Amino acid sequence: MVQDIIKRGGSLKAIQHHYDVSNRFYALWLDESLSYSCALWQDNLMDNDLEQAQYRKIDWHLDASGATKGQKLLDIGCGWGSLMNRYVSVDKERSAIGLTLSHNQYQYIQSLNIPNIEVYEQSWINHQPENDYDAIVSVGAFEHFAQPGVSRSEKVSVYRDFFSHCQNWLKTKGKLSLQTIAYGSLSAENKNLFIQNDIFPDSELPRPSEIFEAADGLFEIKIYRNDGIQYGRTCDLWLKNLSRQKQAITEEFGEHLYSKYQRYLKLSIAGFYLGQILLLRLEMQSLAN
């Protein structure tokens, strides 16, 4: 099974290379919610309130997935648990299960000791739920599912397998809310090798058409948004936070790590603003009877 994960991309080693740098490192430049994905502003009025924009993003996904109308949520690629925390905090009857391959994220969520939240250090490939879910959310995990260099048909096959699993885990007419970076005008052949090798190894972006093809017959795509400009703004605010924390970061983690993430965020800002890469948010409803 481990070999199966490696073939698909997003190997345990690759995930931990990026996300297990240090919880403390990320806490220095993310917002208070520890959300490490594109925030959401209203009507593109992108102010400096990153934390509020992150909670707006979380609420969008909880609503789009139908989680707010149900009691049981699955979060695939749950990060440090901010979405699950927000979900269960308003209703004691709600429960959430999170999946992550990051050991640091797993330990962090465990340390919160929230009764209605369970977290597993596990890939979606290995997940075997006891009961169906009312809703599924996956934010920022889809980019890790396919391996670099595979053919279009191989990518679509991996994505379709993911959607098939999600459909099987959902109650009838249940919904999946998906957020992922995707290729825009940039081609796979011309992607930045620094980001590919030093930041997100063993990962490959989807093209929007590949998502649609993979979901065909399994999910109806009810809402499709491209919020690439909003991710550019998110990265811009992260870069400002990183710069403000330069002394603390370099003293604790070294100049090399600071410079690496500074470069990564600058490249990301340019990529999103120029449309080379996109940020997709999709509301998807199961077609299973």
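Each Lys or Arg adds one and each Asp or Glu takes one away; over the other residues whose Cβ falls under 12 Å from the Cβ of residue 213, this sums to +2. Net charge around residue 270, counting only other residues with Cβ within less than 14 Å of its Cβ (Lys, Arg = +1; Asp, Glu = -1)? Combined, the nearby Lys, Arg, Asp and Glu give +3.
Protein heavy-atom accessible surface, 1.4 Å probe, per residue over the chain: 45 Å². For the chain, DSSP calls about 45 percent of its internal beta bridges antiparallel. Across the range 167-284, the mean sequence separation of Cα contacts (distance under 8 Å, 6 or more residues apart), normalised by length, yields a relative contact order of 48 percent. Under 24 Å of direct C-alpha separation, and excluding same-chain neighbours fewer than eight residues apart, residue 246 reaches these lysines: 260, 266. Using the Cβ-Cβ distance between residue 247 and residue 112 with R0 set to 41 Å, the FRET efficiency from 1/(1 + (r/R0)^6) comes to roughly 0.90. Here residue 173 is the anchor, and the lysines within straight C-alpha reach of less than 19 Å, apart from those fewer than 8 places off in the same chain, are 69, 72, 222.
Relative to the Cα centre, what is the charge dipole magnitude of the chain, using +1 at the beta carbon of each Lys and Arg, -1 at the beta carbon of each Asp and Glu, and rounding to the nearest 20 debye? Show your work: numbers first, answer last.
Details: 29 positive and 35 negative charges, 58 e Å.
Dipole about the Cα centre, nearest 20: 280 debye.
Partner lysines whose Cα lies under 18 Å from the Cα of residue 155, excluding those fewer than 8 positions away in the same chain, are identified as 7, 191. Amide H contacts under 5 Å for residue 135: 72, 74, restricted to partners 5 or more places along the chain or on a different chain, H placed in the peptide plane at 1.01 Å from N. Once Rg and the Kirkwood radius are both taken over the C-alpha atoms of the chain, their ratio Rg/Rh works out to 0.93.
Kindly provide the Kirkwood hydrodynamic radius of the range 14-112 in Å, to one decimal, from all pairs of distinct alpha carbon atoms. All intermediate terms of the calculation are to be shown ahead of the outcome.
Numbers: mean 1/r = 0.0699 Å⁻¹.
About 14.3 Å for the range 14-112.
Rolling a 1.4 Å probe over the protein heavy atoms of the chain, with every protein chain left in place, gives an accessible area that is 46 percent carbon and sulfur.
The values are calculated or read from the model by the stated rules, or taken from the named source; none is laboratory data. Being a predicted model, the structure only gives us computed values, none of them experimental. Reconstructed Cβ throughout: ideal geometry from the backbone, glycine too, with neighbour counts over all protein chains shown. Surface areas here come from the heavy atoms of the whole protein model, side chains and all, with no ligands, DNA or RNA. Shrake-Rupley method; radii C 1.70, N 1.55, O 1.52, S 1.80 Å.
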